[in-house]
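Novice: The structure's right below; bear with me while I get my questions together.
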Amino acid sequence: MNKRIFAVLGTVILGAGVIAAVGTYVANAKPDSRLLVATTAGTMDTPQGNLPHATLAISVYPDSLAGTHGKNGGAHPDYVTYGPVTNYEVPAHSVITMTVTNYDSGGSLNNDYFSHVRGTIDGTASLNGETFSHISKDAVGHTFTIHGLATGQDEFFVSVPMKAVDDADVPDTGYTTKPMVTTFTFITGGPGDYVWNCEYPCGDGTIANFGHVMSTMGYMSGHFTVKG
Ligand SMILES: [Cu+2]
(Lines give C-alpha, C1' and ligand atoms only; values in the text may rest on other atoms or scores of the structure.)
Protein backbone atom coordinates (compact mmCIF):
# COMPACT_ATOMS: atom_id res chain seq x y z
CA MET A 1 0.00 0.00 0.00
CA ASN A 2 1.52 3.40 -0.92
CA LYS A 3 2.13 5.99 1.77
CA ARG A 4 -0.47 8.47 0.60
CA ILE A 5 -3.29 5.95 0.56
CA PHE A 6 -2.13 4.69 3.92
CA ALA A 7 -2.21 8.24 5.35
CA VAL A 8 -5.71 8.88 4.01
CA LEU A 9 -6.91 5.53 5.21
CA GLY A 10 -5.34 6.17 8.62
CA THR A 11 -7.28 9.42 8.94
CA VAL A 12 -10.53 7.90 7.80
CA ILE A 13 -10.46 5.07 10.26
CA LEU A 14 -9.50 7.13 13.29
CA GLY A 15 -11.68 7.21 16.35
CA ALA A 16 -14.73 5.02 16.44
CA GLY A 17 -13.88 3.86 12.94
CA VAL A 18 -10.93 1.96 14.34
CA ILE A 19 -13.18 -0.17 16.47
CA ALA A 20 -15.52 -0.87 13.57
CA ALA A 21 -12.59 -1.74 11.31
CA VAL A 22 -11.07 -4.08 13.85
CA GLY A 23 -14.43 -5.74 14.36
CA THR A 24 -14.85 -6.21 10.62
CA TYR A 25 -11.33 -7.56 10.33
CA VAL A 26 -11.85 -10.09 13.10
CA ALA A 27 -15.16 -11.19 11.60
CA ASN A 28 -13.61 -11.71 8.18
CA ALA A 29 -10.14 -12.88 9.19
CA LYS A 30 -9.16 -16.12 7.54
CA PRO A 31 -5.67 -16.88 8.77
CA ASP A 32 -6.28 -20.49 7.86
CA SER A 33 -8.03 -20.78 4.51
CA ARG A 34 -8.14 -24.56 4.51
CA LEU A 35 -11.64 -25.93 4.35
CA LEU A 36 -13.17 -29.27 5.26
CA VAL A 37 -16.23 -29.93 3.11
CA ALA A 38 -18.90 -32.27 4.46
CA THR A 39 -19.21 -35.67 2.76
CA THR A 40 -22.54 -36.33 1.06
CA ALA A 41 -24.28 -39.44 2.40
CA GLY A 42 -27.59 -40.01 0.63
CA THR A 43 -30.77 -38.82 2.32
CA MET A 44 -32.28 -39.03 5.80
CA ASP A 45 -35.82 -38.86 7.17
CA THR A 46 -36.14 -35.89 9.54
CA PRO A 47 -38.98 -33.97 11.26
CA GLN A 48 -38.75 -31.66 8.22
CA GLY A 49 -39.09 -34.49 5.72
CA ASN A 50 -36.57 -36.49 3.75
CA LEU A 51 -33.49 -34.32 3.28
CA PRO A 52 -30.06 -34.64 1.67
CA HIS A 53 -27.64 -35.95 4.29
CA ALA A 54 -23.99 -35.02 4.77
CA THR A 55 -21.42 -35.94 7.41
CA LEU A 56 -18.48 -34.13 8.96
CA ALA A 57 -15.92 -35.75 11.27
CA ILE A 58 -13.47 -33.68 13.30
CA SER A 59 -11.41 -33.98 16.47
CA VAL A 60 -10.24 -31.87 19.41
CA TYR A 61 -6.68 -32.22 20.66
CA PRO A 62 -4.94 -31.19 23.89
CA ASP A 63 -2.15 -29.56 21.85
CA SER A 64 -1.41 -28.47 18.27
CA LEU A 65 0.95 -31.30 17.33
CA ALA A 66 -1.48 -33.39 15.29
CA GLY A 67 -0.44 -31.77 12.04
CA THR A 68 -3.17 -29.16 11.86
CA HIS A 69 -0.87 -26.25 12.52
CA GLY A 70 2.17 -27.41 10.61
CA LYS A 71 5.39 -29.06 11.61
CA ASN A 72 5.90 -29.19 15.38
CA GLY A 73 2.64 -27.37 15.98
CA GLY A 74 3.52 -24.06 14.32
CA ALA A 75 3.45 -20.86 16.36
CA HIS A 76 1.61 -22.30 19.34
CA PRO A 77 2.35 -26.01 19.79
CA ASP A 78 0.86 -25.94 23.29
CA TYR A 79 -2.50 -24.56 22.19
CA VAL A 80 -5.45 -26.90 22.31
CA THR A 81 -7.10 -27.12 18.92
CA TYR A 82 -9.86 -28.52 16.79
CA GLY A 83 -8.72 -30.32 13.64
CA PRO A 84 -7.86 -31.34 11.00
CA VAL A 85 -8.79 -27.76 10.07
CA THR A 86 -11.14 -25.23 11.61
CA ASN A 87 -13.17 -24.03 8.61
CA TYR A 88 -16.08 -26.19 7.57
CA GLU A 89 -18.61 -26.21 4.74
CA VAL A 90 -21.94 -28.01 4.72
CA PRO A 91 -24.82 -27.98 2.20
CA ALA A 92 -27.91 -25.78 2.70
CA HIS A 93 -31.37 -27.27 3.38
CA SER A 94 -29.78 -30.53 4.43
CA VAL A 95 -29.38 -32.72 7.49
CA ILE A 96 -25.82 -32.79 8.82
CA THR A 97 -24.31 -35.39 11.14
CA MET A 98 -21.16 -34.24 12.88
CA THR A 99 -18.82 -36.50 14.84
CA VAL A 100 -16.36 -34.86 17.22
CA THR A 101 -13.66 -37.03 18.80
CA ASN A 102 -12.31 -35.27 21.89
CA TYR A 103 -8.85 -36.25 23.18
CA ASP A 104 -8.66 -33.46 25.76
CA SER A 105 -9.40 -33.19 29.45
CA GLY A 106 -11.36 -30.24 30.79
CA GLY A 107 -13.07 -28.71 33.78
CA SER A 108 -15.94 -26.41 34.72
CA LEU A 109 -17.93 -24.11 32.48
CA ASN A 110 -18.50 -20.52 33.56
CA ASN A 111 -22.06 -20.90 32.38
CA ASP A 112 -24.24 -23.99 32.65
CA TYR A 113 -25.99 -22.91 29.41
CA PHE A 114 -23.30 -24.51 27.26
CA SER A 115 -23.42 -27.88 29.02
CA HIS A 116 -26.77 -28.49 27.25
CA VAL A 117 -27.20 -29.75 23.69
CA ARG A 118 -28.93 -27.05 21.65
CA GLY A 119 -30.16 -26.80 18.08
CA THR A 120 -29.92 -30.48 17.12
CA ILE A 121 -32.77 -32.77 16.05
CA ASP A 122 -34.67 -33.65 19.29
CA GLY A 123 -32.17 -31.55 21.27
CA THR A 124 -30.03 -34.63 21.80
CA ALA A 125 -26.61 -35.91 20.84
CA SER A 126 -24.80 -39.16 21.46
CA LEU A 127 -21.69 -39.71 23.59
CA ASN A 128 -19.78 -42.94 22.94
CA GLY A 129 -23.07 -44.33 21.61
CA GLU A 130 -25.33 -43.17 24.46
CA THR A 131 -27.99 -40.49 23.89
CA PHE A 132 -27.76 -37.37 26.07
CA SER A 133 -29.16 -33.85 26.24
CA HIS A 134 -26.73 -32.34 28.73
CA ILE A 135 -23.59 -33.22 30.65
CA SER A 136 -22.21 -32.03 33.99
CA LYS A 137 -21.00 -28.47 33.71
CA ASP A 138 -17.92 -29.63 35.63
CA ALA A 139 -16.84 -32.25 33.07
CA VAL A 140 -16.66 -30.24 29.87
CA GLY A 141 -13.68 -30.55 27.53
CA HIS A 142 -14.82 -28.12 24.83
CA THR A 143 -18.00 -27.05 23.09
CA PHE A 144 -18.79 -26.75 19.39
CA THR A 145 -21.02 -23.71 19.12
CA ILE A 146 -22.23 -22.30 15.78
CA HIS A 147 -23.54 -18.75 15.96
CA GLY A 148 -26.00 -17.44 13.42
CA LEU A 149 -25.05 -13.88 12.54
CA ALA A 150 -23.71 -11.43 9.99
CA THR A 151 -24.36 -12.61 6.46
CA GLY A 152 -26.54 -15.59 7.33
CA GLN A 153 -30.02 -15.47 5.86
CA ASP A 154 -31.48 -17.83 8.41
CA GLU A 155 -31.10 -17.93 12.15
CA PHE A 156 -28.81 -20.80 12.96
CA PHE A 157 -27.63 -21.88 16.39
CA VAL A 158 -26.16 -25.24 17.31
CA SER A 159 -24.18 -25.86 20.50
CA VAL A 160 -22.96 -29.23 21.77
CA PRO A 161 -20.70 -29.91 24.77
CA MET A 162 -17.81 -32.36 24.39
CA LYS A 163 -17.29 -34.35 27.56
CA ALA A 164 -13.82 -34.09 29.08
CA VAL A 165 -11.53 -37.11 29.06
CA ASP A 166 -10.67 -38.13 32.65
CA ASP A 167 -7.33 -36.63 33.70
CA ALA A 168 -6.13 -40.14 34.57
CA ASP A 169 -6.67 -41.19 30.94
CA VAL A 170 -4.64 -38.34 29.42
CA PRO A 171 -1.04 -39.48 28.80
CA ASP A 172 1.95 -37.14 29.18
CA THR A 173 2.75 -37.55 25.50
CA GLY A 174 0.56 -38.61 22.60
CA TYR A 175 -3.21 -38.87 22.77
CA THR A 176 -5.56 -40.89 24.93
CA THR A 177 -6.84 -44.23 23.73
CA LYS A 178 -10.16 -43.39 25.42
CA PRO A 179 -11.43 -40.31 23.55
CA MET A 180 -14.95 -38.98 24.05
CA VAL A 181 -16.82 -39.42 20.76
CA THR A 182 -19.82 -37.14 20.36
CA THR A 183 -22.22 -37.37 17.42
CA PHE A 184 -25.03 -34.90 16.68
CA THR A 185 -27.39 -34.16 13.83
CA PHE A 186 -28.93 -30.85 12.82
CA ILE A 187 -30.74 -29.29 9.88
CA THR A 188 -29.38 -26.36 7.89
CA GLY A 189 -31.45 -23.54 6.42
CA GLY A 190 -30.46 -21.34 3.52
CA PRO A 191 -26.91 -20.41 2.57
CA GLY A 192 -24.89 -18.22 4.94
CA ASP A 193 -21.48 -17.59 6.43
CA TYR A 194 -21.38 -18.32 10.13
CA VAL A 195 -18.70 -18.58 12.78
CA TRP A 196 -18.29 -21.29 15.37
CA ASN A 197 -16.27 -21.27 18.54
CA CYS A 198 -15.68 -23.15 21.77
CA GLU A 199 -17.47 -21.75 24.79
CA TYR A 200 -15.46 -23.67 27.35
CA PRO A 201 -12.80 -21.39 28.86
CA CYS A 202 -9.91 -23.54 27.64
CA GLY A 203 -7.49 -20.66 27.01
CA ASP A 204 -5.18 -20.84 30.00
CA GLY A 205 -3.98 -17.82 31.85
CA THR A 206 -5.52 -14.54 30.91
CA ILE A 207 -8.92 -13.07 31.54
CA ALA A 208 -11.07 -15.88 32.93
CA ASN A 209 -9.22 -18.30 30.63
CA PHE A 210 -10.72 -16.72 27.52
CA GLY A 211 -7.35 -15.39 26.35
CA HIS A 212 -4.60 -17.04 24.31
CA VAL A 213 -6.09 -19.89 22.32
CA MET A 214 -9.62 -18.63 22.88
CA SER A 215 -8.88 -15.32 21.19
CA THR A 216 -6.83 -16.71 18.30
CA MET A 217 -8.71 -17.74 15.17
CA GLY A 218 -8.01 -21.21 13.86
CA TYR A 219 -7.85 -23.19 17.10
CA MET A 220 -11.06 -22.90 19.08
CA SER A 221 -12.95 -20.97 16.42
CA GLY A 222 -13.40 -20.82 12.67
CA HIS A 223 -15.80 -20.38 9.82
CA PHE A 224 -18.88 -22.48 9.25
CA THR A 225 -20.27 -22.02 5.76
CA VAL A 226 -23.69 -23.22 4.70
CA LYS A 227 -23.47 -23.44 0.93
CA GLY A 228 -26.45 -23.25 -1.41
CU1 LIG B 1 -12.15 -25.21 23.76
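Novice: Obtain the nm distance between the two label points defined at V37 and H134 by a simple spin-label model: each point lies 7 Å from its Cα along the Cα-to-C-beta direction.
Specialist: Distance between label points: 3.9 nm.
Novice: T55 versus D122, label points 7 Å from Cα toward the beta carbon: distance in nm?
Specialist: 1.8 nm
Novice: Quick check: net charge around A54, other residues with Cβ under 14 Å of its Cβ, Lys/Arg +1 and Asp/Glu -1?
Specialist: 0
Novice: Right, something else. What does the charge count near F184 come to, summing +1 for each Lys or Arg and -1 for each Asp or Glu among other residues with Cβ under 11 Å from its Cβ?
Specialist: It works out to a net charge of 0.
Novice: Keeping every protein chain in place, order T43, T173 by accessible area at 1.4 Å, biggest value first, i.e. largest first.
Specialist: These residues rank, largest area first, as T173, T43.
Novice: In what sequence, largest accessible area first, do R118, R34 appear using a 1.4 Å probe?
Specialist: Largest accessible area first, the residues go R34, R118.
Novice: Using a Cα-Cα cut-off of under 18 Å, which aspartates and glutamates could be cross-linked to K163, ignoring same-chain neighbours fewer than 8 residues away?
Specialist: Within the straight-line cut-off, K163 pairs with D63, D104, D112, E130, D138, E199.
Novice: So if R0 is 41 Å, what FRET efficiency would T216 and A92 give, r being the distance between their Cβ atoms, rounded to the nearest 0.05?
Specialist: Efficiency, rounded to the nearest 0.05: 0.90.
Novice: Among residues other than F132 whose Cβ falls under 13 Å from its Cβ, what is the net charge (Lys/Arg +1, Asp/Glu -1)?
Specialist: Local net charge: 0.
The values are calculated or read from the model by the stated rules, or taken from the named source; none is laboratory data. Keep in mind the model is a prediction, meaning the values are calculated, not measured. Glycine gets a Cβ as well: all are built from the backbone with ideal geometry, and neighbour counts include every protein chain shown. The accessibility values were calculated without ligands, DNA or RNA, using every heavy atom of the protein model including side chains. Shrake-Rupley method; radii C 1.70, N 1.55, O 1.52, S 1.80 Å.
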